[in-house]
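K.L.:
The structure under discussion is supplied below as structure tokens; questions concerning it will follow.
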Amino acid sequence: MTETLSYHGLCSICGAKGEFARGDVRSTRETFACTGCRANLRYRDQAALVLDEFARGRSVSLANLVASGRMADVDIFEAALKGPFVNAFKALPRYVRSYYWPDRALGEVDKSGARNEDITRLTFADGSFDLVITSDVLEHVYDYRGAFAEILRVLKPGGVHIFSIPTDWPLPDKSEPRVAVEDGVERHLKEPRYHTSGDGTPCIVYTDFGADLVDTIDAEGRSRTQVIRRHGMLDRCYVAATFLTRKLA
């Protein structure tokens with residue numbers, strides 16, 4: 001099968017129509033950038049799920065959805081300093097974004113408007129948000145089970161967590177730790193892997209996630225998690241999986 005090098009489409013974030021080219025980035029998820037806003041495949045797939053949930057067929061891009069006013073009453077939390085969702089949502093009155101600085105007080109807001117939040121112990125009240133977005137964040141959290149539990153806690157009944165994590169496709173059966181923490185000391189179980197964090201510093205990957213993550217998130221019967229592929233028919237694009245967890249009423 002010949003690998004897809006480009007395809008014509010419409011960006012689910014900015015609404016631009018054009019050719020999405022494969023480029024030379026190693027990871028498929030990180031390429032096929034929009035010629036308008038430069039959002040890559042994984043961000044656009046997440047945005048498409050936001051549109052499915054909140055546009056109700058009336059918008060084909062986040063830019064149009066925000067401009068329509070239909071997101072003005074939606075409570076949104078994103079764990080991000082920057083990125084296409086920050087650009088799309090920053091003017092919304094009920095959008096909150098965060099980053100984690102260990103040396104600062106939790107809940108403190110910096111001059112850019114970002115809150116200091118530890119995703120394993122959020123400062124928000126139960127049932128605060130209709131939508132939580134995390135984009136390649138949770139692989140960098142050692143206690144990812146605690147993080148998913150906290151996200152579920154702060155979601156309103158019926159609210160959704162739309163998230164991306166780097167995975168193989170098909171998903172392996174089991175999640176595997178890359179690092180063990182013993183007496184506060186990190187011990188590498190696999191070759192160390194780092195990604196660049198929102199502030200530009202290297203951030204270690206703690207977990208390689210597998211299909212059992214769905215059962216982990218939904219273990220208490222308070223949520224339903226789906227693994228969704230928006231580009232399943234395009235060669236190589238089929239590896240980009242996006243996750244949606246809905247908090248049950």
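The values are calculated or read from the model by the stated rules, or taken from the named source; none is laboratory data. Since the structure is predicted, the reported quantities are computational estimates derived from the model, not experimental observations. Here the Cβ positions follow ideal geometry from the backbone for every residue, glycine too, while neighbour counts run over all protein chains shown. In case anyone asks, the SASA skips ligands and DNA or RNA and just uses the protein heavy atoms, side chains included. Shrake-Rupley method; radii C 1.70, N 1.55, O 1.52, S 1.80 Å.
K.L.:
Sorted from largest down, what three extents in whole angstroms do the Cα atoms of region 55-135 have along their principal axes?
P.N.:
Result for region 55-135: principal-axis Cα extents of 43, 25, 21 Å.
K.L.:
Only Cα pairs under 8 Å and at least 6 apart count here; give the relative contact order of the chain as a rounded whole percent.
P.N.:
16 percent
K.L.:
Please identify the trypsin sites (Lys or Arg not before Pro) of region 35-75 that satisfy two criteria: DSSP loop assignment and at most 14 other Cβ atoms within 10 Å. Which are they?
P.N.:
Sparse-neighbourhood loop trypsin sites (Lys or Arg not before Pro): Arg38, Arg56, Arg58.
K.L.:
List the aspartates and glutamates whose alpha-carbon lies under 13 Å from that of Lys90, not counting same-chain residues fewer than 8 positions away?
P.N.:
Asp75, Glu78
K.L.:
Averaged per residue, what accessible surface does region 1-138 expose to a 1.4 Å probe, in Å²?
P.N.:
Accessible area per residue, region 1-138: 48 Å².
K.L.:
May I pose another question? Averaged over all directions, how much area does the convex hull of the C-alpha atoms of region 6-101 cover when projected, in nm²?
P.N.:
Here the figure is 6.7 nm², rounded to one decimal.
K.L.:
Can you tell me the accessible area per residue over region 175-249, all protein chains present, probe 1.4 angstrom, in square angstrom?
P.N.:
Per residue, region 175-249 has an accessible area of 57 Å².
K.L.:
So which lysines pass the test for Lys190, namely a Cα distance under 18 Å, with those fewer than 8 places away in the same chain ruled out?
P.N.:
Result set, ordered by chain and number: Lys174.
K.L.:
Provide the convex hull volume over Cα atoms per residue for region 103-201, in Å³.
P.N.:
149 Å³
K.L.:
Pull out a ≥ b ≥ c, the square roots of the eigenvalues of the alpha-carbon gyration tensor of region 159-222, then state rounded if a/c is under 1.5, prolate if not and a/b is larger than b/c, and oblate in the remaining case.
P.N.:
Prolate, since a/c reaches 1.5 and a/b exceeds b/c.
K.L.:
Where Lys and Arg each count +1 and Asp and Glu each count -1, what net charge lies around Arg236 among other residues with Cβ under 9 Å from its Cβ?
P.N.:
-1
K.L.:
Cα extents of the chain along the three principal axes, largest first, in whole Å?
P.N.:
52, 44, 38
K.L.:
Sticking with this one: Rounded to a whole number, what % of the accessible area of the chain do carbon and sulfur atoms account for, probe 1.4 Å?
P.N.:
Accessible surface attributable to carbon and sulfur in the chain totals 49 percent.
K.L.:
Asp75: accessible area at probe 1.4 Å, nearest 10 Å²?
P.N.:
20 Å²
K.L.:
Do me a favour and compute the ellipsoid semi-axes for region 129-171 from its Cα gyration tensor, root of five times each eigenvalue, largest one first, whole Å.
P.N.:
In descending order the semi-axes read 20, 13, 8 Å.
K.L.:
Specify the inter-centroid distance of region 84-121 and region 233-249, based on alpha-carbon positions, in whole Å.
P.N.:
If we compute the Cα centre of each part, the gap is 25 Å.
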